[in-house]
Amino acid sequence: MVLKLRLCSSTAPSSFKALQVDGHFSFFQNEFAARDFGNQFHFLPSAVLHPKSVSDIATTIRHVWQIGPGSELTVAARGHGHSLQGQAQAPQGIVINMESLKGQEMQVHMGLYPYVDVSAGKLWIDILQECLKFGLAPKSWTDYLHLTVGGTLSNAGISGQAFRHGPQISNVNQLEVVTGKGEVVICSEEQNADLFHGVLGGLGQFGIITRAQISLEPAPKMVKWIRVLYSDFDTFAKDQEHLIYVENTFDYIEGLVIMNKTGLIHNWRSSFNPQDPVKASRFVSDGRTLFCLELAKNFNPENAEKTDQETETLLSQLDYIPSTLFVSQVSYVEFLDRVHSAEQKLRSRGLWDLPHPWLNLLVPKSKMHNFAQVVFGNILRDTSNGPVLVYPMNKSRWDNRTSVVLPEEDIFYMVAFLPHAIPSPTENDGLQYLLSLNNRILDFCKMANLGVKQYLPFYTTQQEWREHFGSQWEDFARRKSAYDPLAILAPGQRIFRKAISTL
Ligand SMILES: Cc1cc2nc3c(=O)[nH]c(=O)nc-3n(C[C@H](O)[C@H](O)[C@H](O)COP(=O)(O)OP(=O)(O)OC[C@H]3O[C@@H](n4cnc5c(N)ncnc54)[C@H](O)[C@@H]3O)c2cc1C
């Protein structure tokens with residue numbers, strides 16, 4: 001009997017050939033589905049579905065559901081494959097290539113509360129371009145826009161606008177979801193609310209998002225983009241925290257840790273203008289640990305003067321090193337799509353497709369001083385392999401009914417270590433070195449009991465996941481048994497294993 005079930009499991013993928021779908025399955029040359037941005041885990045699926053309709057996705061999942069627990073088959077939605085540790089992969093399972101799901105065209109709805117209705121496989125950059133035709137734009141972003149709606153909503157979607165608008169998951173009106181039983185469900189705050197909240201930040205565990213309604217606001221045309229430097233972390237953090245509360249504040253607030261950079265100011269000068277060129281040219285960054293506050297103020301040309309005044313007032317309240325005020329003026333699209341320009345430069349130097357041992361942490365405000373002292377003062381030695389971002393957010397902008405896990409305090413910081421690993425490493429830039437650095441940071445957080453939570457979390461045992469979710473674990477597990485009882489979905493997150501029946 002066991003042998004029969006094993007056979008059933010290994011032959012199951014061929015049964016997909018008989019399924020009636022509008023798109024198609026590919027059984028060969030699926031290597032792309034075993035790759036992601038992290039470039040550390042590579043698991044080939046048995047087949048890839050290139051869906052043309054939501055019903056293709058429902059039919060496929062329903063088929064796996066009907067095969068039942070006798071098969072090891074699992075299903076992973078793959079957005080743009082920008083996960084870090086195989087989260088969008090399905091070893092020997094079915095990967096659904098969400099970008100091929102075109103469905104209904106994007107629809108922008110005007111009115112008092114404008115929104116756009118999009119397929120979940122759409123990239124945020126395409127959504128931005130479409131919404132701008134109507135003078136509108138989503139409110140909350142990620143730093144990089146070549147990610148899919150389904151991919152970021154499965155995590156949270158955070159950038160420098162989150163202090164005001166919350167993450168992207170706080171700006172969704174309605175979702176269409178295919179559950180782990182193959183049912184197509186519309187959900188929102190009012191309708192199937194448990195599934196709606198579960199799926200937002202739900203790491204793909206409860207259903208595949210096929211459509212989303214995203215809240216919009218009038219889009220500005222221009223952005224005043226500002227950078228200033230600090231040599232002291234506490235002063236930098238005090239100013240960041242001041243800015244997330246003050247009236248008429250900036251529209252975007254982030255920050256960077258800079259270590260061991262030579263010619264920093266010189267590099268900035270290609271795209272930013274120093275307010276005082278003479279003093280700026282005397283500023284020497286070499287060897288120092290610096291903290292860069294990055295700010296943006298949106299505006300339309302007709303309001304340029306008022307924006308200048310507001311910006312000046314805000315800057316006058318800050319304690320940055322005076323000679324380091326740099327300003328640039330760019331279009332709204334140029335600003336939002338800024339990481340894509342960096343991508344093109346890195347690609348041209350062969351530095352984009354390298355392993356990315358990234359670590360993203362949410363650190364409670366009261367522990368930030370200790371964290372910075374030890375991590376920026378002792379553990380981290382260099383930031384030349386990739387940026388280290390630091391910026392505060394407030395919990396009041398997050399909905400505590402979603403699946404996302406946050407630190408316990410009202411204010412917490414995003415700290416993102418975003419290096420790439422060099423193939424022929426020197427002492428400090430190889431994959432093993434960078435992974436060991438991440439472990440040292442995580443060990444310190446645990447030992448010092450900082451109450452830090454991982455964003456884009458990565459764990460390999462259920463015990464670690466239970467600790468990550470803490471008091472939210474029971475709800476998370478309950479939703480799993482309600483919406484994906486066989487644990488078919490998103491196996492690459494390694495939270496639940498599909499239970500295989502041996503009867
Ligand atoms: C260069 C770069 C910059 C980034 N910047 C930011 C940032 O500023 N802020 C931020 O918050 N994040 C950022 N991220 C992280 C990014 O938001 C996540 O990795 C996101 O999941 C990637 O989207 P994707 O479309 O590539 O998803 P994938 O990697 O394809 O999928 C991610 C997970 O979501 C699941 N999934 C995908 N689509 C769906 C769907 N439709 N329904 C249900 N589950 C689905 C997958 O199965 C997988 O588990 C960045 C990543 C990169 C590589």
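The values are calculated or read from the model by the stated rules, or taken from the named source; none is laboratory data. Computed from a predicted structure; not experimentally measured. Methodologically, a virtual Cβ is constructed for each residue, glycine included, from the backbone with ideal geometry; neighbour enumeration extends over all protein chains shown.
Computed values, structure above
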item	result
Residue in the stretch 88-97 that is modelled with pLDDT of 95 or more, in a loop (DSSP other than H, G, I, E, B), within 6 Å of the ligand (Cβ to nearest atom) and buried (at least 22 other Cβ atoms within 10 Å of the Cβ) present	yes
Scan of the stretch 261-275 for residues that are part of a helix (DSSP H, G or I) and touching a Phe, Trp or Tyr at 6+ places or on another chain (Cβ under 9 Å), ordered by number	264, 265, 268
Of residues in the stretch 138-162 being more than 6 Å from the ligand (Cβ to nearest atom) and surrounded by fewer than 24 Cβ atoms within 10 Å (Cβ to Cβ), the one farthest from residue 253 (Cα to Cα)	146
Top-ranked residue of the stretch 72-86 - restricted to ones that are more than 6 Å from the ligand (Cβ to nearest atom) and not in a strand (DSSP E or B), ranked as farthest from residue 488 (Cα to Cα)	84
Residue satisfying all of: in the stretch 351-381; farther than 19 Å from residue 439 by Cα and out of contact with any strand residue (DSSP E or B) (no Cβ under 9 Å at 6 or more places or on another chain); nearest to the ligand (Cβ to nearest atom) among these	352
Failed item, numbered, when residue 142 is tested on (1) under 30 Å from residue 360 (Cβ atoms); (2) modelled with pLDDT under 95	(2)
Residue in the stretch 98-125 that is farthest from the chain's Cα centre (by Cα), counting only those that are more than 15 Å from the ligand (Cβ to nearest atom), surrounded by 16 or more Cβ atoms within 10 Å (Cβ to Cβ) and part of a strand (DSSP E or B)	108
Breaking point among (1) over 30 Å from residue 193 (Cβ atoms); (2) surrounded by fewer than 17 Cβ atoms within 10 Å (Cβ to Cβ), for residue 415	(2)
Candidate set from the stretch 390-404 (those that are in contact with a strand residue (DSSP E or B) (Cβ under 9 Å, 6 or more places away or on another chain) and buried (at least 20 other Cβ atoms within 10 Å of the Cβ)); member that is farthest from residue 231 (Cα to Cα)	404
Selection status of residue 473, within 16 Å of the ligand (Cβ to nearest atom), more than 21 Å from residue 181 (Cα to Cα), modelled with pLDDT of 95 or more and not assigned by TED's automatic domain parsing to the domain that holds residue 208	no
Residues satisfying the stated conditions in the stretch 93-117, i.e. touching a residue at least 60 places away in the same chain (Cβ under 8 Å) and at positive phi	103
Residue in the stretch 305-323 that is within 23 Å of residue 382 (Cα to Cα) and free of Cβ contacts under 8 Å to residues at least 12 places away in the same chain present	no
Failed item, numbered, when residue 187 is tested on (1) within 11 Å of the ligand (Cβ to nearest atom); (2) more than 23 Å from residue 396 (Cβ to Cβ); (3) not basic (Lys, Arg)	(1)
Residue ranges of helices (runs of 4 or more DSSP H) in the stretch 429-492 with at least 2 members closer than 29 Å to residue 351 by Cα, out of contact with any Leu (no Cβ under 6 Å at 6 or more places or on another chain) and not β-branched (Val, Ile, Thr)	431-447
Matching option when the condition is surrounded by fewer than 18 Cβ atoms within 10 Å (Cβ to Cβ) and among the small types (Gly, Ala, Ser), among 212, 193	193
